[in-house]
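Asker: Dropping the structure in here first, questions after.
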Amino acid sequence: MKRLTLVLIVCLCLPAVAQTAATAAAPASKEQIRKLFDIMDISKQTRLTMASMQKQTQAATTEALKTRYPQITPAQLARVNRISEESMKNFPVDGMLDDMIPVYQKHLTQTDVDAMIAFYSSPTGKKLMQDMPQIMQEALQASNSRIQKQMADAMQRIDAMMKEEQQKPQSSPAPASPSKPD
């Protein structure tokens, strides 16, 4: 009798356990990802991070342009900076976030996203999101000299390659073979 009761309980509980396991392994829904993005205020965070990155790259780009084009004028540099600023201002962040949803769905389950939503809804998660732009800005500043050195090294290699290419003899078309008399 005990054995029959145990088998009956297992049979009745098995579908519930299977459903729970399936839900845990199921990919997150678009709605879950959007909720996560909303709680994390990803749109605002992305814009703030991009603005911070733009300032850092603008400084590095200005130095690279001055090195590459010593004759560049302040007016030309200002035009380059305006173009960069306009590009960032018009950047389609919301469209980019929509493009990212399938990527999140590919890597995160419903359970993962629920846990992330719970974390980012907590005081610690909110603090992290609030402080993240400042953390990113300071991190970029800390690595700025390394980035500038890397860019300068790359520009030197490109300049060397271009000089090497210019010094190669120009290939001329192969001389035509003399025609045979008929």
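Coordinate-derived values only; no laboratory data. All values reported here derive from a predicted model rather than from experimental measurement. Positions of Cβ are backbone-derived with ideal geometry, glycine not excepted, and every protein chain shown enters the neighbour counts.
Asker: Rounded to whole Hz and in sequence order, give me ³J(HN,Hα) for region 68-80 from the Karplus expression 6.51 cos²θ - 1.76 cosθ + 1.60, θ = phi - 60°, writing x for Gly and Pro.
Answerer: Per residue, the Karplus-derived 3J(HN,Hα) values read 6, 10, x, 7, 4, 8, x, 5, 5, 4, 5, 5, 4 Hz.
Asker: Right, here's the next one. Sort 117-125, 26-34 by the packing proxy (mean of other Cβ within 10 Å over each peptide's residues), most packed first.
Answerer: Top to bottom by mean Cβ count within 10 Å: 26-34, 117-125.
Asker: Also, quick follow-up: Stretched out fully, how many nm does the piece from ALA142 to THR124 gain, at 0.36 nm a residue minus the Cα gap?
Answerer: Net length gain for the segment: 4.0 nm.
Asker: Computed FRET efficiency, Cβ-Cβ of GLN134 and ARG47, R0 22 Å: what is it to the nearest 0.05?
Answerer: It comes out at approximately 0.90.
Asker: Could you list the residues of region 144-167 with an amide nitrogen less than 19 Å from a label point located 7 Å from the Cα of THR67 in the Cα-to-C-beta direction?
Answerer: Of the residues in region 144-167, 144-164 have backbone N under 19 Å from the label point off THR67.
Asker: Same structure again: If we sort 97-104, 144-151, 36-43 on the protection proxy, mean other Cβ atoms within 10 Å, highest first, what's the order?
Answerer: 36-43, 97-104, 144-151
Asker: Report the label-to-label distance for ALA59 and ARG157 in nanometres (one decimal), using points 7 Å from each Cα along the Cα→Cβ vector.
Answerer: 2.5
Asker: Note down the nm distance, to one decimal, between modelled labels 7 Å out along Cα→Cβ at ASP38 and at LYS149.
Answerer: Rounded to a tenth, the inter-label distance reads 4.6 nm.
Asker: Students often get this wrong, so check it: of LYS55/LYS126; LYS44/LYS106; LYS55/LYS127; LYS35/LYS149; LYS66/LYS89, which have C-alpha atoms separated by over 29 Å?
Answerer: From the list (LYS55/LYS126; LYS44/LYS106; LYS55/LYS127; LYS35/LYS149; LYS66/LYS89), the Cα-Cα distance tops 29 Å for LYS35/LYS149.
Asker: To the nearest 0.05, how large is the calculated FRET efficiency for LYS168 and ALA78 if R₀ is 30 Å and r is the Cβ-Cβ distance?
Answerer: With R0 = 30 Å, the Cβ-Cβ based efficiency is 0.20.
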